[in-house]
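Report on the following structure.
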Amino acid sequence: MFYRPEDGHGLPHNPFNALITPRPIGWISSRATDGTNNLAPYSFFNGVAYEPPQVMFATTSGKPDQTSGTKDSLSNIAETGVFCVNVVAFEMRDAMNASSAALPKEVDEFTHAGLTPVDCESINCARIDGVPAALECRLTQIVTLPGESNRVAFGEVIGIHLREDCLIDGLFDVTRFQPLARMGYRDYSVVQEVFSLARPDD
Ligand SMILES: Cc1cc2nc3c(=O)[nH]c(=O)nc-3n(C[C@H](O)[C@H](O)[C@H](O)COP(=O)(O)O)c2cc1C
């Protein structure tokens with residue numbers, strides 16, 4: 001089949017998310033100016049540069065039945081200029097999901113999801129205790145995209161936490177924690193197997 005998104009897909013569910021898979025999940029922590037911690041998963045997330053290391057995540061109202069307007073993560077980050085990306089292990093999938101609930105801004109999703117906040121080293125923000133890795137980021141820019149409430153936040157990574165048991169012979173070994181990835185619809189995947197390919201010019 002072929003369809004133009006502006007004409008509709010005619011399928012029971014929008015296939016768009018299932019076409020861009022697997023997506024890493026940036027579990028984004030931020031802090032409001034009154035000190036309230038905030039946490040939410042974002043799968044429109046990725047690394048975008050090595051030197052200096054940079055990441056992005058996108059907030060969107062997505063569906064007509066979702067609340068539009070700025071999400072708490074983005075409004076906090078716009079005000080404070082910092083955020084932290086927590087890496088999601090398979091074993092933390094339920095807490096990750098719980099933290100995606102649409103809760104009032106004054107509710108701390110760390111508490112809601114049963115997670116322990118730890119202060120970051122270089123920014124005024126909490127990270128999640130026990131995650132395999134956490135990236136402390138300074139906001140570089142917020143870009144407004146076409147459509148309602150679609151925005152991308154870019155950040156420079158200025159501090160990186162690695163859990164010691166994930167470092168094997170100097171390499172960050174993802175099989176130690178099994179990264180969770182977002183698929184389409186309500187589906188997820190988990191990385192349990194890894195293989196290597198040498199590049200032609202290696
Ligand atoms: C696995 C997963 C991935 C998500 N990815 C996104 C995303 O990329 N962009 C987005 O706007 N919302 C995404 N959401 C929904 C947000 O997590 C949800 O709207 C959350 O309540 C936002 O919280 P906040 O207002 O505290 O930022 C995702 C939810 C889940 C469970």
Does the range 3-23 contain any residue that is within 13 Å of the ligand (Cβ to nearest atom), under 26 Å from ASP129 (Cα atoms) and not charged (D, E, K, R)?
yes
Tally up the residues in the range 74-116 that are among the aromatic types (Phe, Trp, Tyr), surrounded by 19 or more Cβ atoms within 10 Å (Cβ to Cβ) and either closer than 17 Å to PRO132 by Cβ or in contact with a Pro (Cβ under 9 Å, 6 or more places away or on another chain) (or both), please.
1
Matching residues, the range 33-51, being near the ligand (Cβ under 10 Å from one of its atoms) and of a type in the set (A, V, I, L, M)
LEU39, ALA40
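Which residues, counting only those in the range 145-164, are among the hydrophobic types (A, V, I, L, M, F, W, C) and part of a strand (DSSP E or B)?
Filtering the range 145-164 down to residues among the hydrophobic types (A, V, I, L, M, F, W, C) leaves 145, 152-154, 157-158, 160, 162.
Across the range 145-164, the qualifying residues are VAL152, ALA153, PHE154, VAL157, ILE158, ILE160, LEU162.
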Residue check: is GLY130 open to solvent by less than 50 Å² (accessible area, probe 1.4 Å) and at positive phi?
yes
Every pair of residues 6+ apart whose Cβ atoms lie under 6 Å, when the first sits in the range 96-114 and is over 16 Å from ALA32 (Cα atoms) while the second is within 10 Å of the ligand (Cβ to nearest atom) and in a loop (DSSP other than H, G, I, E, B)
MET96/VAL88; ALA113/SER99
Scanning the range 52-85 for residues that are more than 9 Å from the ligand (Cβ to nearest atom), among the polar types (S, T, N, Q) and modelled with pLDDT of 95 or more gives GLN54, THR80
Single unsatisfied condition, GLY35 versus (1) under 28 Å from LEU115 (Cα atoms); (2) out of contact with any Lys or Arg (no Cβ under 7 Å at 6 or more places or on another chain); (3) surrounded by 10 or more Cβ atoms within 10 Å (Cβ to Cβ):
(3)
Within the set of pairs 6+ apart or on separate chains, which have a first residue in the range 23-49 that is within 12 Å of PHE110 (Cβ to Cβ), a second that is aromatic (Phe, Trp, Tyr) and more than 6 Å from the ligand (Cβ to nearest atom), and C-beta atoms under 6 Å apart?
SER30/PHE83; ASN37/PHE110; LEU39/PHE110
With respect to GLU136, determine if the residue is among the acidic types (Asp, Glu) and either in a strand (DSSP E or B) or surrounded by 19 or more Cβ atoms within 10 Å (Cβ to Cβ) (or both).
yes
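The values are calculated or read from the model by the stated rules, or taken from the named source; none is laboratory data. Bear in mind that the values here come from a model prediction, so they are computed numbers and not experimental data. FYI the Cβ positions are ideal-geometry reconstructions off the backbone, even for glycines, and counts take in every protein chain you see. What goes into the accessible areas is simple: the full protein's heavy atoms, side chains included, and nothing from ligands, DNA or RNA. Shrake-Rupley method; radii C 1.70, N 1.55, O 1.52, S 1.80 Å.
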